[in-house]
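Here is the structure we will look at, set down as structure tokens.
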Amino acid sequence: MRRVISVIVLNEHGVLSRISGLFAGRGYNIDSLTVAPIPESGFSRLSIVTSGDERVLEQIVKQLHKLIPTYKVIESGEFVEKEMALIKIPLNENFGGLDAILKAYNGSVANTNENYIIVMVADDANRIDNFLKAIKKFNPVDIVRGGSVLMDI
Amino acid sequence: MKELNGSQMISEALKLEGVEVVFGYPGGAALNIYDETYKQEYFRHVLTRHEQAAVHAADGYARASGKVGVAFVTSGPGFTNAVTGLATAYSDSIPLVLISGQVATSLIGTDAFQEIDAVGISRPCVKHNYLVKNIEELPRILKEAFYIARTGRPGPVHVDIPKDITAAIGKFEYPKEINIPTYKPTYKGNAKQIKKAAEIIEASNRPLLYIGGGAIISGASELIREFAKKTGIPAITTLMGLGVMRDDDELNLGMAGMHGSYVANMALSESDLLIALGARFDDRITGKLSEFAKHAKIIHVDIDPSSISKIVNAHFPIVGDLKSVLSELMGRINAKPENFEKWREILARYNSLYPLKYTDSEEVLKPQWVIEKTSQMVGDDVVVSTDVGQHQMWVAQFFAFNKPRQLVTSGGQGTMGFGLPAALGAKWAVGDKPVINFTGDGSILMNIQELMTSVVDKKPVVNIILNNSFLGMVRQWQTFFYEHRYSNTDLSIQPDFVKLAESFGGVGFRVKTKKEFEDALNTALKSDKISLIDVVVDRFENVLPMVPAGAAIYNMILDDKGQK
């Protein structure tokens, strides 16, 4: 079962490695992990997407809490979850319908040059999946997908 | 505020933490630290002959004293040698601080000579670790290291200090208070849960105390004895919980698990309420999980929330310090010994049916006899360390432990080579009290060089090798489960342990009879030198009862007829 967890940790040397090491060492899955400092604080926020049953999730939360730099683990309640994707499409493709797809997913053109355009989209993970299916017909040459970022409501 | 260099700060911090002894091994990246160690007068430094042994010695000191053990090592291989010691201490929640030298900050990441990512390596086997990146943070980090090591669920803390930081000068103000906003161990148990636990205990018919190493760490042993006496609830212990209950206490059913007593394992299987006190449901205790204590509700008291419901589901979890929780529970409990009389009768029957026993012989020494005899000869005023293997389990079964901190043994990791250095560390903790290390002919060779450490520091301990010329426990498994194929476990070709001891400057004995053993032990106990008593024992003796790995805990092999 898919789970999302938001973790607030002290923003110190090696903290990301502690968290990822915990997942690796105990055999928990990481589907995605993003991290950035929380402005004007000594803390960082990690957004983790993982999977497992109730029991596994309970252990993940307890083990995260056990780490000395962990301040808070938020795993219950509702989250706004957004993920980002960048897609590179050759300019020689037929772009008929691209605008409509971008509009449907609040996407936009992030960059262009003489060979490619790069479009971007930020949405929840399921919708990103759908977007990537829809955009396949433009034969993208590269897709970069970021991990989820979470905010509890 | 004093201005000190990093190495002086380490010495000052150790002084302020009340450290009496440091175990270690010098090297390039630790030279500044060692130079200061030479000059200072606060603590004694014991030179072990291997970094692994330095950490085991600090660990043995911590286990026997209840204080934080300290070790110094250098960077690179000095540090990697120490990792087994860290893992051993981490598994058994032993408070210690390891200070390692690191290459200079300008060299970190350049694959410099004796450089290794020490904090990266130690991370999974310590409670916390630090790489010190500037001199200003060193006093705080040292203070935090000791605080984290000894509070909450104790554990090893590793501080990696680059060589330039050990020379850099900074202001030394050792923090009086610790404020780590993210680290607040819970000591006091939830009052509602404790009240509920008291009600559940009173409503139960076949309750059982299940005592782990946490009972010793939290200093709750005396309270547990009182609790058992007041309620009449029988108790089983883990390997790490030995000594919490007196060996001769009628309520003490002994150790449970893979080599636990029949009565302890049957009590686990038939109890209707398991009261887990600082025990973590290791697989060597639970056996097949689906069959483990399946009639029992579980009350689990532990200071570490992540231990609760990790392996078995706790119906009544209480997070807190065992001593604090138990004092409160004592005030609330009305259960009387007569409530559980029938339960105790059932258990007494089990005990008489299959007591722990062995068949003694006049032809060949039995390892169990050697342990029982030693126990009778030395009494309670002794600390016993062990290595790992058959001898460790026989010690758990046949040595009469009556006090907490009397047994120093590697439970969680089962680290061969632990016994001798840990015994040396324990000897520093207990002064004149004798320290005896039971070891095997396999284990002793894993850190035999520490005989030298003992001789130089005039800290004699008695080493009893239960020599069956085998890696005995592995051989036992090969006998039972691999059709007697003794792959790489036959150790018939051996060094002369007597000469070996003598060459290090100790004393050695080789004994084959009961009389020889008693004489040797008497001489060894009186000796001011380290001793090795090489006891030739029955080669094919097995540790019984035995629960095969993965089997239900009540499915015990009780005798080895036809197994030889």
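The values are calculated or read from the model by the stated rules, or taken from the named source; none is laboratory data. Please read these numbers as outputs of a predicted model, since none were measured by experiment. For neighbour counting, all protein chains shown are included, and Cβ atoms are generated from backbone atoms with ideal geometry for every residue, glycine included. The protein model used for the area step is the full one, side chains on, heavy atoms only, and it has no ligands, DNA or RNA in it. Shrake-Rupley method; radii C 1.70, N 1.55, O 1.52, S 1.80 Å.
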Those residues of region B:208-235 which are in contact with a Phe, Trp or Tyr (Cβ under 8 Å, 6 or more places away or on another chain) and part of a strand (DSSP E or B) amount to B:Leu209, B:Ala235
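Consider region A:38-61. How many of its residues are part of a loop (DSSP other than H, G, I, E, B) and facing chain B (nearest Cβ under 9 Å)? Spell out how you get there, then give the answer.
Of all residues in region A:38-61, those part of a loop (DSSP other than H, G, I, E, B) come to A:38-42, A:52-53.
This time we only want the ones that are facing chain B (nearest Cβ under 9 Å), so: A:42.
So the answer is 1.
Need a quick list: helices (runs of 4 or more DSSP H) entirely within region B:466-564 having at least 3 residues that are more than 22 Å from B:Ala423 (Cα to Cα) and not aromatic (Phe, Trp, Tyr).
Values: elements: B:472-481, B:497-504, B:514-526.
Fully inside region B:466-564 and qualifying: B:472-481, B:514-526.
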key: Selection status of A:Leu64, within 14 Å of chain B (Cβ to nearest Cβ) and buried (at least 19 other Cβ atoms within 10 Å of the Cβ)   = yes
| task | Could you tell me whether any residue of region B:161-180 is within 21 Å of A:Leu10 (Cα to Cα), open to solvent by 50 Å² or more (accessible area, probe 1.4 Å), outside any loop (DSSP other than H, G, I, E, B) and within 14 Å of chain A (Cβ to nearest Cβ)? | result | no
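Among the residues that make up region B:514-522, is at least one of them closer than 19 Å to B:Val383 by Cβ, open to solvent by less than 10 Å² (accessible area, probe 1.4 Å) and touching a helix residue (DSSP H, G or I) at 6+ places or on another chain (Cβ under 7 Å)?
Start the filter on region B:514-522 by keeping residues that are closer than 19 Å to B:Val383 by Cβ, which leaves B:521-522.
Filter again for open to solvent by less than 10 Å² (accessible area, probe 1.4 Å), leaving B:521.
This time we only want the ones that are touching a helix residue (DSSP H, G or I) at 6+ places or on another chain (Cβ under 7 Å), so: B:521.
The answer is yes, given that some residue of region B:514-522 is closer than 19 Å to B:Val383 by Cβ, open to solvent by less than 10 Å² (accessible area, probe 1.4 Å) and touching a helix residue (DSSP H, G or I) at 6+ places or on another chain (Cβ under 7 Å).
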Of the residues in region B:138-156, those that are open to solvent by less than 40 Å² (accessible area, probe 1.4 Å) and within 12 Å of chain A (Cβ to nearest Cβ) number 8
Taking region B:76-113 and keeping only residues that are assigned to a strand (DSSP E or B), among the small types (Gly, Ala, Ser) and farther than 14 Å from B:Ala58 by Cβ, one is left with B:Gly101
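With a cut-off of at least 3 residues that are open to solvent by 30 Å² or more (accessible area, probe 1.4 Å) and within 30 Å of B:Gln476 (Cα to Cα), name the helices (runs of 4 or more DSSP H) lying wholly within region B:312-401. If you could, list the steps in order and put the result at the bottom.
Working: elements: B:322-332, B:341-353, B:367-378, B:390-398.
Fully inside region B:312-401 and qualifying: B:341-353, B:367-378.
Of all residues in region A:105-129 being without any contact (Cβ under 8 Å) to a residue 12 or more places away in the chain and closer than 30 Å to A:Gly77 by Cβ, which is most open to solvent (accessible area, probe 1.4 Å)? Show your work before the answer.
Residues of region A:105-129 that are without any contact (Cβ under 8 Å) to a residue 12 or more places away in the chain, as a first pass: A:109, A:111, A:113, A:126, A:129.
In the following step, the residues that additionally are closer than 30 Å to A:Gly77 by Cβ were identified as A:126, A:129.
On the way: A:Asn126: 110, A:Asp129: 58 Å².
Looking at residues that are without any contact (Cβ under 8 Å) to a residue 12 or more places away in the chain and closer than 30 Å to A:Gly77 by Cβ, I get A:Asn126.
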Only one of B:Ser503, B:Ser454 is of a type outside the set (Val, Ile, Thr) and modelled with pLDDT under 95, namely B:Ser454
Scanning region A:14-36 residue by residue, those surrounded by 14 or more Cβ atoms within 10 Å (Cβ to Cβ) and among the basic types (Lys, Arg) turn out to be A:Arg18
Note: among A:Val109, A:Val35, A:Val119, just one is more than 14 Å from chain B (Cβ to nearest Cβ), within 16 Å of the chain's Cα centre (by Cα) and of a type in the set (A, V, I, L, M, F, W, C), namely A:Val35
